[in-house]
Structure formats: C-alpha cells, structure tokens
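> First the structure, which I've put down as structure tokens, then a few questions once you've had a look.
The values are calculated or read from the model by the stated rules, or taken from the named source; none is laboratory data. Please read these numbers as outputs of a predicted model, since none were measured by experiment. Ideal geometry is used to build each Cβ from the backbone, glycine not excepted, and the neighbour counts take in all protein chains shown. Side chains included, ligands, DNA and RNA excluded: accessible areas come from the protein's heavy atoms. Shrake-Rupley method; radii C 1.70, N 1.55, O 1.52, S 1.80 Å.
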Amino acid sequence: MTDRLADTRVPIHEPLAARWSPRAFDSEATLTSEQLTAVLEAARWAATWGGRQPVRFVVGVRGDETFDALVATLKRGNLYATAASALLLVCADEGPDENTAFYSAVDAGAAIANASVEAVARGLAAHPMAGFDADAARAAFDVPAEVRPVAVLAVGTLGDYATAEPSVVERDSKPRERLPLEQVAFAGAWGAPFTADRSAEAT
C-alpha cells in the first residue's frame, strides 16, 4: 500500500503521483503543530477566483471536542476516518452573487487538493470525503447560512493494512485508475483528443 504511484506518460512531481485516498489510518499517530499548520497553509494559498478567498476550515484534532463533533457528522461508510489524526471541515462562503457561489466551490476543491498534496509531501495521508451530513455540521459549528460545508478532509499517518478491516483492505487494494488522457483532454473540437506537439522536441 506504500507504493501506489500514479501511472503517467511522463513523470510528475512525486507528491502528486503518490497522492491517493487511503482508508486505513494509524490511530496512535499524531500530527505535529508544524505538520497541521503546513497543511492549512497549503490550503490557504490555493488559487482563488478574483481574490475572493471564500474557503474556511473547522479543524478538529483527534481527542478534542471539534474532532468528535465532526466524526458525528460522517456517514457510516466513512467511519474509518475516526483513526485519522485530524479532520478538517472545508467550507465555502458562497457570497453575494451567483458567480461567487459557483467559484467558491472551485476554490474549495483547489484548497483540498493543495492540502492533500502538502500532506503527502510530509509523509502523511489525506482522504477527502463527501459522505457527511452537511446540515449536522452546520448546526454543530454554527456555520453561517451563506457558507456551505463542502467536504471533510481526513489527515493522518497511513495505517497498517495487515490489521485493517477486510472491507477496507479490499477497497484500497484495487488498482488506481483514471481515464486515458485522450478521453479527458481535447483540442479543436469536443472529443477530439489533444496530442502534444512533438516539434519542440525535434529541434
């Protein structure tokens, strides 16, 4: 489970290639203040539409009341995250207009990606989860009406799959897969595969 690098046509930076979403966390491991702060700083410095900076976080560290309240919002299938070292509720301030509301979700995704890659770069694991009760989270933390809880990000240390639940082992043992580049990158017309220009390599 420690060598699940993405299969890419050309090498990409290792923290990006190594990022995946494990479900087995070490329930004894803790995050240092520097590690947790770095993850949050990476999220804070994600790209943001128009400089709006709409993303907010509720941070729970395992053992504190905030963590327990976040656990209580998780859907049954995500209770593996109780072993994570920290849970981050990622929220998006949807603001005063339709554009801000739309792009606040884009910003939240960028923040989650930044935080996840920073975690991997520091030898940690991260798993973003949509399976939580947003209304319960809103009530638990008095989230303002204009702010939307988007996801919960579990951060911690990779656990031992030899002692993990069989269902977790089965799910996490599946090969990492993505659609081929030709099916997601187009040029000229929708569905026409993008082909990298090789002329620069020939000169």
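> Which one of LEU79, ALA134, GLY95 is farthest out on the positive end of the charge dipole of region 62-195, using unit charges on Cβ (Lys, Arg +1; Asp, Glu -1) and the Cα centre as origin?
LEU79
> Right, here's the next one. Return the calculated 222 nm mean residue ellipticity for the chain, to the nearest 500 deg cm²/dmol, obtained by summing -39500 (n - 2.57) across DSSP H runs with n ≥ 4 and dividing by the residue count.
-9500 deg cm²/dmol
> Most mobile of SER21, SER104, SER85 per a Gaussian network model of the chain (Cα springs, under 10 Å)?
In the Gaussian network model the winner is SER21.
> If you take the charge dipole of the chain about its Cα centre, with +1 on Lys and Arg Cβ and -1 on Asp and Glu Cβ, which of PRO193, ALA43, VAL10 is farthest toward its positive end?
PRO193
> Report the gain in length on full extension from THR37 to VAL61: 0.36 nm times residue separation, minus Cα-Cα distance, nm rounded to one decimal.
Extra length available between THR37 and VAL61 comes to 7.4 nm.
> Sticking with this one: GNM, the chain, Cα, under 10 Å: largest mean-square fluctuation among ARG122, ARG44, ARG19?
ARG122
> Additional query: Taking the Cα centre of region 1-146 as origin, work out the dipole magnitude from +1 charges on Lys and Arg Cβ and -1 charges on Asp and Glu Cβ, in debye rounded to 20.
The calculated dipole for region 1-146 is roughly 440 debye.
> Using just the alpha carbons, could you tell me how many Å³ per residue the convex hull of region 13-77 encloses?
156 Å³
> Say each of THR8 and GLU165 gets a label point 7 Å from the Cα, pointing the same way as Cα to Cβ; how far apart are those two points in nm?
3.3 nm
> Quick one: with all protein chains in place, what share of the accessible area of the chain is carbon or sulfur, to the nearest percent (1.4 Å probe)?
Carbon with sulfur: 53 percent of the solvent-accessible area.
> So what is the orientation-averaged projected area of region 52-142, using the convex hull of its C-alpha atoms, in nm²?
6.3 nm²
> If you plug each phi of region 103-109 into the Karplus form 6.51 cos²θ - 1.76 cosθ + 1.60 with θ = phi - 60°, what whole-Hz ³J(HN,Hα) values come out, in order, with x for Gly and Pro?
After applying 6.51 cos²θ - 1.76 cosθ + 1.60, I find 6, 5, 5, 4, 4, 5, x Hz.
> When the scattering of the chain is computed by the Debye formula from its Cα atoms alone, each counted once and equally, what is log10 I(q)/I(0) at q = 0.13, 0.18 Å⁻¹?
The Debye formula, applied to the Cα set alone, gives -0.80, -1.29.
> Can I ask one more? Can you run phi through the Karplus equation (6.51, -1.76, 1.60; θ = phi - 60°) for region 35-44 and list ³J(HN,Hα) in whole Hz, with x for Gly and Pro?
Taking θ as phi minus 60°, the curve returns 4, 5, 5, 5, 4, 5, 5, 4, 5, 5 Hz for region 35-44.
> Continuing with this model, one more query. With r as the distance between the Cβ atoms of ALA105 and TRP45 and R0 = 30 Å, compute the FRET efficiency 1/(1 + (r/R0)^6) and round to 0.05.
My answer for the efficiency is 0.95.
> Got the relative contact order for the chain handy, in percent, Cα pairs under 8 Å and 6 or more residues apart?
It comes to 27 percent, rounded to a whole number.
> Could you list log10 I(q)/I(0) for region 1-121 at q = 0.11, 0.15, 0.21 Å⁻¹, which the Debye formula gives when each Cα is one point scatterer?
For region 1-121, the Cα-only Debye profile gives -0.44, -0.80, -1.27.
> With charges only on Cβ, +1 for K and R and -1 for D and E, what is the dipole size of region 82-145 about its Cα centre, in debye, rounded to 20?
My answer is approximately 400 debye.
> Still on this structure, please answer the following. Distance from a point 7 Å along Cα→Cβ of ASP142 to each backbone N in region 34-58: keep the residues under 20 Å and list them by number.
Of the residues in region 34-58, 56-58 have backbone N under 20 Å from the label point off ASP142.
> How much accessible area per residue does the chain have, counting only protein heavy atoms and a probe of 1.4 Å, in square angstrom?
Dividing the accessible area of the chain by its residue count gives 59 Å².
> Next up: For a quick check, take a GNM of the chain with Cα springs below 10 Å and name the residue from ARG176, ARG138, ARG62 with the largest mean-square fluctuation.
Sorting by GNM fluctuation, first place goes to ARG176.
> If you wrap region 103-167's Cα atoms in a convex hull and average its projection over all directions, what's the area in nm²?
For region 103-167, the mean projected area of the Cα convex hull comes to 5.9 nm².
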